[in-house]
Every structure is written in C-alpha cells, then in structure tokens.
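As structure tokens, the structure follows; a few thoughts come after it.
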C-alpha cells in the first residue's frame, strides 16, 4: 500500500442479498440472477447497518454491475447513487458456473478456487489483478473518504485480502454471508480489518 495520505478512511464491503443459487450453493459468477424475496429483505435490513457504520460520513459508493449487487445497493442506500465497476463482478467460474462445491469436487478432488481458479473462467491471478485495480481506484479518488462497495462472496473476500496487503489466497480464510458487511479502517497508515460478516438480519 502507498502512503497513508492516499488511503480511504473507511471501506465497507457489502455482499449482495440472497439469490436462488446462493441458497442452493451453486456457484454464481456471471449468471445475472435477481434477488429472492429474502434477498430483498436482507438488502433493506443492511441499509441502517451501513448508515450506522458510516457515522454520518458521505461515502463514495461503487457496485458490481450484476443485478444482484446493483439491486442490493439500490435497496440498501436508495438516496446514494452507486457507480458500477466491472472490476467488482464475481469470479468467472467458467466450466464450474452453476455447480455446487460437491459437484466440482467430484470432477476434480484437488480443486481449490483460491489456488487453481476455474477452467474456462478466471485464474486467481486474474481476479487478484481486478481487485488491485479497485484498490488503485479507491486510493486515487477516495483518499480520506468513506467507501461502500457492493459486490460478491468470493470477490469481496479476495478484495479484502488485497486491501490488507495480503495475497489473494488469504481470502480463503474469510467467509461472508449474503448481505453481510466487512469493515476496513485506515489505522496508522495501513488498512486494517475491524469488522467482518456483520449482518442486520
């Protein structure tokens, strides 16, 4: 990470609300599924939690352009426009799109998303580079500001690792539920994780 003068003061990473595939455990990369009724309720409930964590700050808001994330942003923060960022889209699972982890392991017992990526989709190196592009943008335009990013399960875990200056594989040690919030603060010139998987439902 560069000098602390370029760092945001606060970053909130919000996973989108529930979809049919998040409930069934199917890997949902670029398949553009809508929120379920539960997902809508989760997104609405996340709004007050996000505002509480912002503590009156006026944030810069970004979202994955995929419907489940963009709709979560719209429901959670209806009075704050969110800028779509392609780099916040979920991992491209390629041949494993729509499959559960059990189904994938039947094909490849050695599979580990955080090291081997997905055939026909992205590698962990490619996703890490996308996350680094988000970090660079935030540092370039959001120094000293609060940032809220609406994104996806695996992507937000890898993005969190990169914001903390850890390897992308560090995301394997994090887990986040739908519509949960991760909290990263600037502290003594570094970004540090101060809250994770915070849920309002």
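Laboratory data are not the source of any read-out in this text; all were calculated from the coordinates shown. The model shown is predicted, which means the values in this text are computed figures rather than measured ones. For neighbour counting, all protein chains shown are included, and Cβ atoms are generated from backbone atoms with ideal geometry for every residue, glycine included.
Restricted to Cα atoms, region 4-198 shows a radius of gyration and a Dmax of 15.9, 49 angstrom.
Compute the orientation-averaged projected area for region 120-201 from the convex hull of its Cα atoms and round it to one decimal in nm².
Values: hull surface 23.5 nm².
Value for region 120-201: 5.9 nm².
If you run the Gaussian network model on the chain, springs between alpha carbon atoms under 10 Å, then out of 108, 86, 32 the most flexible one is 108. Counting pairs of Cα atoms in region 1-119, how many percent are more than 20 Å apart? Distances greater than 20 Å cover 52 percent of the Cα pairs. Spacing of the modelled spin labels on residue 100 and residue 175, each 7 Å from Cα toward Cβ, amounts to 1.6 nm. For residue 52, put the label point 7 Å out on the Cα→Cβ axis and report which residues of region 172-201 keep their amide N under 11 Å from it. Answer for region 172-201: 199-201.
Once fully extended, how much extra length lies between residue 185 and residue 110, figured as 0.36 nm per residue of separation less the alpha-carbon to alpha-carbon distance?
Values: separation 75, 0.36 × 75 = 27.00 nm, distance 3.58 nm.
The residue 185-residue 110 span can extend by a further 23.4 nm.
In the chain, the longest principal axis of the Cα atoms and the axis of helix 37-54 are about 30 degrees apart.
To the nearest 10 degrees, how steep is helix 67-76 against the longest Cα principal axis of the chain, on a 0 to 90 scale? The answer is roughly 30 degrees. Dividing the helix sum by the residues of the chain, where each DSSP H run of 4 or more adds -39500 (n - 2.57), gives a mean residue ellipticity at 222 nm of -11000 deg cm²/dmol. Averaging the Cα positions of each part gives two centres, and for region 108-145 and region 148-201 these lie 13 Å apart. Full extension of the chain between residue 132 and residue 201 gives 21.7 nm of extra length, using 0.36 nm per residue less the Cα-Cα distance. Compute the angle between helix 153-163 and the longest alpha-carbon principal axis of the chain, please, reported from 0 to 90 degrees and rounded to the nearest 10. Tilt relative to the chain: about 50 degrees.
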